[in-house]
Amino acid sequence: MQLSATRWASQVRSVKAVVNNLPAILACLGTMKTAQGILSNLCKPKTIYMLVMFAKLLGITEGLHRYLQGERLDLGGAAQYKTAILETLTDLRTEPGAEDVFKSTMTICEEHHIQAEQKRLDGFVVESACGATSNPTTPGDFRGQLYYPCLDRMIQELTHRFSDVGEELMSGIRACNPTTATFLSEDALKSLASHYKIQLKSEELLVAKHFSKRRLEKEKVPDIATVFQMLDSDMFPTLKAVLQLALTIPCAASFAWLGKEHSRLLTLHGAKTQQHDANAGQRNPMDNLDTLNF
C-alpha cells in the first residue's frame, strides 16, 4: 500500500505550510466551534510527530522531484541523484535519526501546550476490537510505529520506481553524453544496446573513441545530438543506433516539463485576457464614434 496517492512533491509543500503556520492554524481553529474535531486531532503528539517527520523526509526527496520535472533532465544524472537520496534515507534509519524528530516534536508540543494522551483502559481487559488506534508515547513507540515504517516504505518505493534495469538504461544514456566522464563507456553502452536488442560492435566503439577524442580537441561537442550528427552512418551504424535511442528515450520525460509549461502559458493567457476585458470595459464608447459608418 502506498503512503499516499498524492505526489510526494505536493505533500512536502502541504506539510511545510502546516508546520510553518501552525500557530496561526491553531488560533484560527480555536475560534471556530465547528472545527473542534479538527483541532483535537491536530493537537496530538502523534500528528505533530508525523508533520515533523514528513517535512524532514520529503524535504530530502524534494530536489529530485524538481530535477525529474525540469527542462535540463539528464536520466543518467537522475540515477546518481536517486542513489544519493537512498543512501541518505538509509543513514537516517537509526535511533539518533528518530531521536532528532522526536525532540523537534516535543519542542513544538511544549510551545503550543500539546500534551500526550492518557491511556483510558489501564487495568481493564478488552475482549473485542473497539476501533481505537494506538497512541505512541515513548521515543521507542514513535520510532517503531511511525518513523521506521514510513522510512522503509519511502526507500522501497524509490527502489521500485528506479529498478536496476532502469538504472542501467540511464547509465547507458549518460555514456552517450560527451560532457560526462563515462562518455562512450563500453559496459554502459552495451547494457543499453542489449536491452533494445542492438548488437553494438566493439570495433566501432574503439574507432569512435579515437575519432571523438580528436574532434573534441578541435571543437566543442556539447550534447548527444551533436555526437549523432558528427558520426557517419556507414562508419558507425550500430553506435548511431544506440545514440538514436539515447535521443529518443528522454522525450517521454520531457512531456512532464512541456505539460507544466503549457499550463503556465494558459494561466498567463487567461490573466492577459481578463486584463484586456477589464480595460475594454473601462473605455468610453464615445471614443470610437468617428470609426462608425452610418
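Things to note:
- Checked against the criterion of being modelled with pLDDT under 90 and of a type in the set (A, V, I, L, M, F, W, C), segment 231-245 contains one or more residues that satisfy it.
- Residue match in segment 213-221 (condition: under 13 Å from Val242 (Cα atoms) and at pLDDT 85 or above): no
- Hey, Ser171 among the hydroxyl-bearing types (Ser, Thr, Tyr), part of a helix (DSSP H, G or I) and at pLDDT below 85 or not: yes
- Qualifying residue in segment 78-93 (condition: basic (Lys, Arg), in a loop (DSSP other than H, G, I, E, B), open to solvent by 50 Å² or more (accessible area, probe 1.4 Å) and modelled with pLDDT of 90 or more): yes
- From the list Leu151, Leu158, the one residue that fits, being assigned to a helix (DSSP H, G or I), over 23 Å from Ser233 (Cβ atoms), open to solvent by less than 50 Å² (accessible area, probe 1.4 Å) and modelled with pLDDT of 90 or more, is Leu151.
- The number of residues in segment 28-49 that are open to solvent by 60 Å² or more (accessible area, probe 1.4 Å) and of a type in the set (A, V, I, L, M, F, W, C) comes to 3.
The values are calculated or read from the model by the stated rules, or taken from the named source; none is laboratory data. None of these values were measured; they are calculated from a predicted model. Virtual Cβ from ideal backbone geometry, glycine too; neighbours counted across all protein chains shown. Just the protein is used for accessible areas: all its heavy atoms, side chains included, with ligands, DNA and RNA removed. Shrake-Rupley method; radii C 1.70, N 1.55, O 1.52, S 1.80 Å.
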